[in-house]
Amino acid sequence: MKAIDLIKPAGRREAALLEQIDLKRLPRHVAIIMDGNGRWAQKRHLPRIAGHRAGVKIAREAIETCALLRVPALTLYAFSLENWRRPHAEVSFLMRLLREYLKKELPSIHENNIRLLAIGRAAQLPEAVRKDMEDAMRLTSQNTGMKLVVALNYGGRAELVDAFNAILDRVRLNGLTAFHADEETISNHLYTAGLPDPDLLIRTSGEMRVSNFLLWQIAYAELYITDALWPDFSRERLLEALLNFQQRERRYGGLGHGREPGNGAP
Ligand code: IPE
Ligand code: IPE
Ligand code: MG
């Protein structure tokens with residue numbers, strides 16, 4: 001099976017990229033910091049919210065492409081804990097947009113056997129958003145295809161704080177006096193418990209920072225930062241990122257002999 005058998009290319013460039021993709025060396029988990037909606041709109045003298053709309057549209061392309069290529073997990077950074085610092089109107093537009101998105105796209109997500117998951121502090125989300133997300137997660141909970149993880153009201157440090165407190169609660173509850181935590185204990189108490197760590201972290205719009213995203217999980221992720229603004233991150237650009245990932249030599253601190261991209265960390 002080749003990538004070109006899974007996706008019908010829209011043009012010659014896409015076809016050429018698909019020809020080069022090795023399905024056996026795809027990341028098991030792709031995480032994306034979808035940045036640059038505001039700048040995209042600004043460039044066109046449009047309000048920032050027009051950029052967010054365009055961003056949602058292009059997200060569909062990334063989801064569809066990853067699902068067709070059978071990437072096991074895709075995490076999209078949709079709203080950070082810090083994004084509450086934005087003007088109220090923008091925040092409420094983003095919340096509304098998410099609900100609109102679910103309403104429109106959920107049937108096709110479900111049909112495509114995608115399982116929707118959320119990471120972040122759900123309790124602080126507006127009630128309606130929380131309910132829609134919960135319904136969507138329930139509807140798709142038995143799906144066995146790609147896991148689509150939406151990072152919503154997510155912060156990496158907050159996730160670690162929540163994990164540590166969950167561990168402490170367990171220790172107290174069970175009256176454990178000689179409890180020893182290891183890396184697995186921490187991983188298992190993160191919002192992402194059960195998911196593989198991201199192999200590839202993509203950030204659009206050129207900013208060289210991780211903005212509090214998946215701090216623990218990206219320890220050995222390959223970073224791909226592109227100047228493309230998120231609404232311009234087409235299928236072609238995603239395929240370029242995947243291809244670039246396949247050309248990396250992952251070493252995990254060793255000498256790299258015999259390790260291929262896409263293989264797991266030790
Ligand atoms: C990313 O685009 C979307 C969210 C953070 C919700 P931005 O809104 O951050 O766009 P820029 O960075 O201002 O261009
Ligand atoms: C990161 O983008 C958060 C999301 C994509 C949801 P930001 O635009 O919020 O990040 P900073 O402020 O540039 O670090
Ligand atoms: Mg930004």
For this session: Report yes if some residue within region 166-184 is modelled with pLDDT of 95 or more and within 16 Å of ligand 2 (Cβ to nearest atom); otherwise report no.
Result: no
Exercise. When you look at Met1, is it modelled with pLDDT under 95 and either under 30 Å from Asn244 (Cα atoms) or open to solvent by 70 Å² or more (accessible area, probe 1.4 Å) (or both), yes or no?
Worked result: yes
Exercise. Of the residues that make up region 80-89, is at least one over 19 Å from the mean Cα position of the chain (by Cα), within 10 Å of ligand 1 (Cβ to nearest atom) and farther than 22 Å from Phe213 by Cβ?
Worked result: no
Problem set entry | Pairs where the first residue, in region 207-221, is of a type outside the set (A, V, I, L, M, F, W, C) and the second is within 14 Å of ligand 1 (Cβ to nearest atom) and open to solvent by 50 Å² or more (accessible area, probe 1.4 Å), C-beta under 7 Å, 6+ apart | Asn212/Glu82
Problem set entry | Criterion: away from ligand 1 (no atom under 11 Å from the Cβ), assigned to a helix (DSSP H, G or I) and of a type in the set (Gly, Ala, Ser) - qualifying residue of Ala31, Ala41, Ala16, Ala54 | Ala16
For this session: Find the residue count for region 232-254, including only residues that are over 14 Å from Ile7 (Cβ atoms) and not in a helix (DSSP H, G or I).
Result: 9
Problem set entry | Identity of the residue in region 61-71, part of a loop (DSSP other than H, G, I, E, B) and in contact with a helix residue (DSSP H, G or I) (Cβ under 8 Å, 6 or more places away or on another chain), that ends up surrounded by the fewest Cβ atoms within 10 Å (Cβ to Cβ) | Arg70
Problem set entry | Candidates Leu102, Leu76 - the one that is in contact (Cβ under 8 Å) with a residue 24 or more places away in the chain, more than 15 Å from ligand 1 (Cβ to nearest atom) and under 20 Å from Arg60 (Cα atoms) | Leu102
Problem set entry | Sole exception among (1) at pLDDT 95 or above; (2) in contact with a Lys or Arg (Cβ under 8 Å, 6 or more places away or on another chain) for Arg259, by number | (1)
Exercise. Are any of the residues in region 61-72 more than 11 Å from ligand 3 (Cβ to nearest atom), of a type in the set (Ser, Thr, Tyr) and out of contact with any Ser or Thr (no Cβ under 9 Å at 6 or more places or on another chain)?
Worked result: yes
For this session: Scan region 198-217 for residues that are surrounded by 19 or more Cβ atoms within 10 Å (Cβ to Cβ) and either more than 16 Å from ligand 1 (Cβ to nearest atom) or not small (Gly, Ala, Ser) (or both) and jot them down.
Result: Pro198, Asp199, Leu200, Leu201, Ile202, Arg203, Thr204, Phe213, Leu214, Gln217
Problem set entry | Selected residue (only one of Asn174, Asn113 is of a type outside the set (A, V, I, L, M, F, W, C) and more than 19 Å from the chain's Cα centre (by Cα)) | Asn174
Exercise. Is it the case that some residue within region 73-84 is of a type in the set (A, V, I, L, M), open to solvent by 20 Å² or more (accessible area, probe 1.4 Å) and assigned to a strand (DSSP E or B)?
Worked result: yes
Problem set entry | Selection within region 126-155 - part of a helix (DSSP H, G or I) and surrounded by fewer than 21 Cβ atoms within 10 Å (Cβ to Cβ) | Glu127, Ala128, Val129, Arg130, Lys131, Asp132, Glu134, Asp135, Met137, Arg138, Leu139
Seminar exercise, completed: Selection from region 22-60 of residues within 18 Å of Asp5 (Cα to Cα) and either open to solvent by less than 60 Å² (accessible area, probe 1.4 Å) or not charged (D, E, K, R) (or both) yields Asp22, Leu23, Leu26
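The values are calculated or read from the model by the stated rules, or taken from the named source; none is laboratory data. Keep in mind the model is a prediction, meaning the values are calculated, not measured. Note that each Cβ is placed from the backbone with ideal geometry, even for glycine, and that neighbours are counted across all protein chains shown. The protein model used for the area step is the full one, side chains on, heavy atoms only, and it has no ligands, DNA or RNA in it. Shrake-Rupley method; radii C 1.70, N 1.55, O 1.52, S 1.80 Å.
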